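**Student:** Just dropping this structure here.
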Amino acid sequence: MEKQIKMSYMAASSLLLLLFFSGSPIQILGLGVGINYGQIANNLPSPSRVAYLLKSLNISRVKLYDADLNVLLAFSHTNVDFIIGLGNEYLLNMTDPIKARNWLQQRVQPHLPQTRITCITMGNEVFKTYDHQLWSNLLPAMQTVYNALVDLGLDKQVTVTSAHSLDILSISFPPSAGSFRQDLGEYLHGILNFHAEVKSPFLINAYPYFAYKDNPNEVPLDYVLFQSNQGTVDPITNLKYDNMLYAQVDAVYSAIKAMGHTDIEVRISETGWPSRGDDDEAGATPENAGLYNGNLLKRIEEKQSTPAKPNVPVDIYVFALFNENLKPGPASEGNYGLYYPNGTPVYNIGVQGYLPGMVYTSPSTKIVSKT
């Protein structure tokens, strides 16, 4: 029988965590970074152990891709804010008001307020599927779930959105010329109106790694890794960008503005760098992953903003907490984790977390611990 266990040394070495950049210690406490907790694997630690790990890292924002009962129960009374998800396969059902309300009553309402569910993402990268029926279902599903939240009196604590891949853009550079694909215009127009009405954020999954992987001889590695570089200048605004991620965010802001909205916040629901990949996946190394995520965490700690939105600190969820051994696709897909499933860091960015061992009672009633 698995139980939660206490740390052998409580506050000293596992809760006082430091990030080291250029020899200078930066405390991870209060960074405000979010983490994606994917579970496409058969070797992950139990949710109760993960709750200890995230507590030791002082991470208080977690994004799921479902509404996993065991996870939400394990994080009860932990003061962790959760984004939960409804997969693409559920969008059709969620256009039915009765089914939407039933889902909320069964999968969300029982966990409130002890588990802090703050947001529901409807589908993930829907426009990457080229399934036009799915495209058509997205906005009605978002509206129906939101209306059900209103009926249940939950709309003030739980918001509704969806996460999009960056290939919804037809133009991403210069950032000030960012625009959405023409074939998505009719769909995104309604979605943006929804966001403006209910005041929920527009989420993007932004990966500078993909740009580098596809053009390693043309895209400067230092520019995508937040390292010192000459940067690039938007010729229209004269704003200088020293990294690709911020340029991608501002391109989305420009695309939204081109559709008539200036009051919708863009947040990064996923970004990361793989530590391993196939032979044709340039740049997928532990060294590059460590630089990308380490430098990213430093910028989050500094509450940096993008050049075009200087008063809006970039809101980021890192992908991902663990490597996931059952993810389909190229080798990189399962190797975005900061940690191996046993709690060992995949690479060193100076973050020391604590994953408690498994504790169970053997037939002889002795307590046995595994690390």
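The values are calculated or read from the model by the stated rules, or taken from the named source; none is laboratory data. Treat the numbers as computed from the prediction; the structure is a model and nothing was measured. Neighbour counts run over all protein chains shown; Cβ positions are idealised from the backbone, glycine included. Side chains are part of the model used for accessible areas, which takes the heavy atoms of the whole protein and leaves out ligands, DNA and RNA. Shrake-Rupley method; radii C 1.70, N 1.55, O 1.52, S 1.80 Å.
**Student:** Tell me, which residue of the stretch 41-59 that is part of a loop (DSSP other than H, G, I, E, B) and aliphatic (A, V, I, L, M) is farthest from residue 79 (Cα to Cα)?
**Tutor:** Applying the first criterion (part of a loop (DSSP other than H, G, I, E, B)) to the stretch 41-59 yields 41-46, 58-59.
From what is left, the residues that are aliphatic (A, V, I, L, M) are 41, 44, 59.
Values: 41: 26, 44: 22, 59: 10 Å.
The selected residue is 41.
**Student:** List every residue pair whose Cβ atoms lie under 7 Å apart, where the two residues are 6 or more positions apart in sequence or sit on different chains, the first residue falls within the stretch 240-259 and is in contact (Cβ under 8 Å) with a residue 40 or more places away in the chain and of a type in the set (Gly, Ala, Ser), and the second residue, located anywhere, is part of a helix (DSSP H, G or I) and open to solvent by less than 30 Å² (accessible area, probe 1.4 Å).
**Tutor:** 247/175; 251/175; 254/175
Here's the yes/no breakdown for (1) modelled with pLDDT under 95; (2) part of a loop (DSSP other than H, G, I, E, B); (3) more than 30 Å from residue 159 (Cβ to Cβ):
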site: 228; (1), (2), (3): no, yes, yes
site: 238; (1), (2), (3): no, yes, yes
site: 254; (1), (2), (3): no, no, no
site: 261; (1), (2), (3): no, yes, no
site: 268; (1), (2), (3): no, no, no
site: 273; (1), (2), (3): no, yes, no
site: 277; (1), (2), (3): no, yes, yes
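**Student:** Between residues in the stretch 309-337 that are surrounded by fewer than 18 Cβ atoms within 10 Å (Cβ to Cβ) and residues that are not hydroxyl-bearing (Ser, Thr, Tyr) and not in a loop (DSSP other than H, G, I, E, B), which pairs lie under 6 Å by C-beta distance while being six or more apart or on different chains?
**Tutor:** Every condition considered, the pairs that remain are 325/334; 327/333; 327/334.
**Student:** Something else: Check residue 368 against each of (1) among the aliphatic types (A, V, I, L, M); (2) at pLDDT 95 or above; (3) more than 24 Å from residue 222 (Cα to Cα) and name the one condition it does not meet.
**Tutor:** Condition not satisfied by residue 368: (2).
**Student:** Just wondering, is there one or more residues in the stretch 234-250 that are closer than 21 Å to residue 295 by Cβ, among the polar types (S, T, N, Q) and either open to solvent by 40 Å² or more (accessible area, probe 1.4 Å) or more than 23 Å from the chain's Cα centre (by Cα) (or both)? First the steps, then the outcome.
**Tutor:** Step one: filter the stretch 234-250 for residues closer than 21 Å to residue 295 by Cβ, giving 239-250.
Filter once more, so that each one left must be among the polar types (S, T, N, Q): 243, 248.
In the following step, the residues that additionally are either open to solvent by 40 Å² or more (accessible area, probe 1.4 Å) or more than 23 Å from the chain's Cα centre (by Cα) (or both) were identified as none.
The answer is no, given that none of the residues of the stretch 234-250 is closer than 21 Å to residue 295 by Cβ, among the polar types (S, T, N, Q) and either open to solvent by 40 Å² or more (accessible area, probe 1.4 Å) or more than 23 Å from the chain's Cα centre (by Cα) (or both).
**Student:** Something else now. Being at pLDDT 95 or above, of a type in the set (Asp, Glu) and touching a strand residue (DSSP E or B) at 6+ places or on another chain (Cβ under 6 Å) narrows it down to one residue among 222, 315, 242; which is it? Spell out the reasoning first.
**Tutor:** On the way: 222 fails: touching a strand residue (DSSP E or B) at 6+ places or on another chain (Cβ under 6 Å); 242 fails: touching a strand residue (DSSP E or B) at 6+ places or on another chain (Cβ under 6 Å).
The match here is 315.
**Student:** Still on this structure, I have one more. Being more than 17 Å from residue 164 (Cα to Cα), touching a residue at least 40 places away in the same chain (Cβ under 8 Å) and crowded, with 18+ Cβ neighbours inside 10 Å is the filter here, so list the residues in the stretch 177-225 that pass it.
**Tutor:** Scanning the stretch 177-225 gives 212, 213, 224, 225.
**Student:** Which count do you get for residues in the stretch 164-174 that are among the small types (Gly, Ala, Ser) and either within 19 Å of residue 122 (Cβ to Cβ) or assigned to a strand (DSSP E or B) (or both)?
**Tutor:** We begin by selecting, within the stretch 164-174, every residue among the small types (Gly, Ala, Ser); these are 165, 170, 172.
Still in the running and either within 19 Å of residue 122 (Cβ to Cβ) or assigned to a strand (DSSP E or B) (or both): 165, 170.
Count: 2.
**Student:** Which one of the conditions (1) modelled with pLDDT under 95; (2) among the β-branched types (Val, Ile, Thr); (3) assigned to a loop (DSSP other than H, G, I, E, B) does residue 300 fail to meet, given that it meets all the rest?
**Tutor:** (3) is the only condition that residue 300 fails.
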